[in-house]
Amino acid sequence: MKLIWKLVRPVLKFLLSALVFCSFFLLASLAQSIYYMGAEYDLVKLPDVRSLKDLKPLESSFVYASDGTLIGCYAKEYRTVLLENEIPQLLERAILASEDQRFDSHLGLDFWAIMRAAFRNLKEGRVVEGGSTLTQQVAKNFFLTQERTLERKIKEAVLALKLERAFSKREILTFYVNVAYLGRGRYGFEAASRAYFGKSVNALKLHEIALVVGLINTPDILARANIEAALQKRNRVLQLMRSQDYLSEEDFRQALSEPLNILPPAADCKNEAPFFVEEIRKTYKDKLPLLTGGLRIYTTLDRNIQKKAEEALKNMLDKYRARHPENAETVQGAVIALDLKTGEMRAMVGGENFLKNEFNKATQAKRQPGSAFKPFTYAAGLKYVCKEAEYNKCVLKDAPYPVSMGRGRKAHTIENYPYKNLPRYRGWTTMNVALYESRNAATAWLAAQMDMSWILDLARKAGIKSELQPYITTSIGASEVTLLEITAAFISFVNGGYSIEPSMISGIYDANGKAIMLPQDKKPEMVFSNKPDPDLAAAENASIAENMKELLKEVVDAPTGTAYGLRKTLPYGEIAGKTGTATNEKDEPTDNWFIGLTPRYAIGVWMGLENKLSLGDRETGAVNPLWVFEEIVRELNLLDFDEKFIPLFATEE
């Protein structure tokens, strides 16, 4: 029996191979016959190839920092479309040498290629090579599935013939260049060039182009880390180009000797500011075709400030973890940096590690700001209580302040922080001392002299969007807010009294460079006055803003101010700000804040545990977030010696 099988097997192999050969030949003949017998009259139900003229391939959208550097992208299929006149000659020659040497002369089907493939398959005893032209591949990729059936091959051949009648060779090549899958989720040669080499296909060298073209039939070869096989594919393309006289012998030898220098996966679309890029996606995902539209999104991000903010936040968290290893896994932080004049966002750090936790602590986390909210109470106090007195002459009562908690419940007493080197209560004290020493009792007393709605309305006009509870405890920071909104709201204290809406986008353009979204000029609104007379309103607004600026500067400049430590390393230049430490019912610190202002930037920093438990004894805003602000400002030289806060609008004398 074995002897019979040994004799019969070669015969069966020959018959099978002959069948494969005949199938290829008959397929080509059948397709051409169907076409010339009237395929265009729909004898075979096929899509209209002319629809390709209006078909726009899915294209990646890219996000750029303010200096034009790519910082991220969005894509359903990672693709950047090349126009006809953007295809480099070297790429065209490499594709034709490798995939379709008679592209310029055939009519969609290459009978010589079909016969060559058939003979090779006959020799190997199995299908190892196809005879598809570029036109057939375009037909398959745009209109058909990848299944290997006779019906699909016939449709592919007929569509190829129709494509050749409907489009020029250059148009067909352009379709191919933009639709070929080349690994790493990249479609088209431009996206692949950026994925593997970090540059446009027009900037690729000969050996790099040959490598990318070599991926056409085995796009996953680099994913398998098979460098040797990738080199063989590249060298085969170079040999084919040489055989077609597309290369000189010298260029051919030089290209063969070049090593492979492939970028690691995703390096072409790295996310330098992942929370920032994700925030843009969430904002515009329902308004713009981010995943498919090939948009160019230009942002306000400053890469230097962003990088330093990330580093400074990590340094703060590492120091805290060294003191409290029990909280190492749950401690988190966030940083926001805004341009003081425009509100443009220069940095957003929504957490320490985006890959581990995408929840944005700068925009999504609502936490109690503690004393960082007090400036809104003091601004309302200047408007409604200390109308005539200067901020340093307005007197407040600093003593334990009882607050009713409702019928049948024991009153809660608002007390001051147990200072080490200061009296816990000062009795009667001035507004500036009460704020820069962050005295809770005096602040609660001031709030009690007003209707709470006055404080809440002022905070909302400044930019606080979160719900604020109408209770006395809100005056000292018991209502939760986000870091972004409170940082933006602080700007009105030093810019002359005007609210500024934070912005992230400087312009969005489509794939052809047409502007589809540009910043809208939004007139800043007064925060501290609602008088009907414009002149009186401007005067009141400017006066309260000036007083608030001085109050917040004393937080940094007064020797007993909670942020006075900044002056050890930042001895010059105007700085304003406010620390904040929220506590739980046991008076244990749960949230640390510092909102710092320089003449150019507003920088907000938050730190806390994800479970809102205690950070530990004496872990305050002055101990932790303050030094993130200090590191950013000091190391980036964001503070000039003689630079001062300048109001957005100056009232006329």
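Provide the three semi-axes, in whole Å and in decreasing order, of the ellipsoid equivalent to the stretch 381-431 as defined by the square roots of 5 times the Cα gyration tensor eigenvalues.
Working: eigenvalues 127, 69, 9 Å².
Taking √(5λ) for each Cα gyration eigenvalue gives 25, 19, 7 Å.
Would you mind working out the accessible area per residue for the chain, using a 1.4 Å probe, and quoting it in Å²?
Details: 31210 Å² over 653 residues.
Accessible surface, normalised per residue, equals 48 Å².
So, with +1 on the Cβ of K and R and -1 on the Cβ of D and E, and no other charges, what is the size of the charge dipole of the stretch 429-526 about its Cα centre, to the nearest 20 debye?
Details: 7 positive and 10 negative charges, 30 e Å.
Approximately 140 debye in magnitude.
Give me D for the chain in µm² s⁻¹, whole number, from Stokes-Einstein with Rh from the Kirkwood sum over alpha-carbon pairs, 20 °C and 1.002 mPa s. Don't jump to the answer; show the numbers that get you there.
Details: Rh = 29.5 Å.
My calculation gives 73 µm²/s for D.
Of the DSSP beta bridges with both residues in the chain, give the percent that are antiparallel, rounding to the nearest 5.
90 percent
To the nearest 0.05, what FRET efficiency results for Ser51 and Asn353 with a Förster distance of 35 Å applied to their C-beta separation?
Details: r = 46 Å, r/R0 = 1.31.
Result of the calculation: an efficiency of 0.15.
Please compute the modelled spin-label separation between Arg634 and Asp617, points set 7 Å along Cα→Cβ, answer in nm with one decimal.
Once both label points are built, they end up 2.7 nm from each other.
Okay, helix-only estimate at 222 nm for the chain: each DSSP H run of n ≥ 4 adds -39500 (n - 2.57), divide by all residues, round to 500 deg cm²/dmol; what do you get?
Numbers: 19 runs with 254 residues, N = 653.
Value at 222 nm, helices only: -12500 deg cm²/dmol.
Can you name the helices of the chain, as whole DSSP H runs, whose Cα span along the helix axis is 30 Å or more and whose Kyte-Doolittle mean is not below 0.5? Let's see the in-between values first.
Details: long enough: 2-36 (50 Å, 1.34); 303-323 (31 Å, -1.52); 534-557 (34 Å, -0.12).
Membrane-span-like by this rule: 2-36.
Based solely on C-alpha atoms, express the radius of gyration and the Dmax of the stretch 462-503 in angstrom.
According to the Cα coordinates of the stretch 462-503, Rg and Dmax are 11.0, 32 Å.
For the cross-link pairs Lys287/Lys644; Lys341/Lys568; Lys282/Lys307; Lys314/Lys514; Lys383/Lys465, which exceed 31 Å when the distance is taken from alpha carbon to alpha carbon?
On the way: Lys287/Lys644 40 Å; Lys341/Lys568 27 Å; Lys282/Lys307 22 Å; Lys314/Lys514 40 Å; Lys383/Lys465 21 Å.
Result: Lys287/Lys644; Lys314/Lys514 exceed 31 Å.
Under a 1.4 angstrom probe, counting protein chains only, how are Ser66, Ser503, Ser60 ranked by accessible area, largest first?
Values: Ser66 70, Ser503 35, Ser60 0 Å².
The ordering from most to least exposed comes out as Ser66, Ser503, Ser60.
Between Glu388 and Phe649, what is 0.36 nm times their sequence separation minus the Cα-Cα distance? Round to one decimal in nm.
On the way: separation 261, 0.36 × 261 = 93.96 nm, distance 2.28 nm.
Once the chain is fully extended between Glu388 and Phe649, it gains 91.7 nm.
Taking the alpha-carbon distance from Lys285 and a cut-off under 18 Å, which aspartates and glutamates remain once sequence neighbours fewer than 8 residues away in the same chain are dropped?
Excluding near neighbours in sequence, the set is Glu59, Glu77, Glu358, Asp510.
Among rounded, prolate and oblate, which fits the stretch 260-364 when a ≥ b ≥ c are the square roots of the eigenvalues of its C-alpha gyration tensor, a/c under 1.5 means rounded, and a/b larger than b/c means prolate?
Values: a/c = 1.86, a/b = 1.43, b/c = 1.30.
The shape class here is prolate.
What is the spin-label model distance, in nm, from Ala266 to Glu171 if the labels are put 7 Å beyond Cα along the C-beta direction?
The answer from the label model is 3.9 nm.
Counting only protein heavy atoms and a 1.4 Å probe, tell me what percentage of the chain's accessible area is made up of carbon and sulfur. It would help to have the intermediate numbers written out before the result.
On the way: 16330 of 31210 Å².
Its accessible area is 52 percent carbon and sulfur atoms.
Quick check for me: using +1 on Lys/Arg Cβ and -1 on Asp/Glu Cβ, what's the dipole size of the stretch 326-370 about its Cα centre, in debye to the nearest 20?
On the way: 6 positive and 6 negative charges, 41 e Å.
Computed charge dipole of the stretch 326-370: roughly 200 debye.
Can you list the GluC sites (Glu not before Pro) in the stretch 312-352 that are in a DSSP coil and have 15 or fewer other beta carbons within 10 angstrom?
Working: sites: Glu326, Glu329, Glu344, Glu352; in loops: Glu329, Glu352.
Passing both the DSSP loop test and the Cβ count: Glu329.
The values are calculated or read from the model by the stated rules, or taken from the named source; none is laboratory data. What you see is a predicted model, and the numbers here were worked out from it, not measured in a lab. When we count neighbours, we look across all protein chains shown, and the Cβ atoms used for this are built from the backbone with ideal geometry, even at glycine. Accessible surface areas use protein heavy atoms only, side chains included; no ligands, DNA or RNA. Shrake-Rupley method; radii C 1.70, N 1.55, O 1.52, S 1.80 Å.
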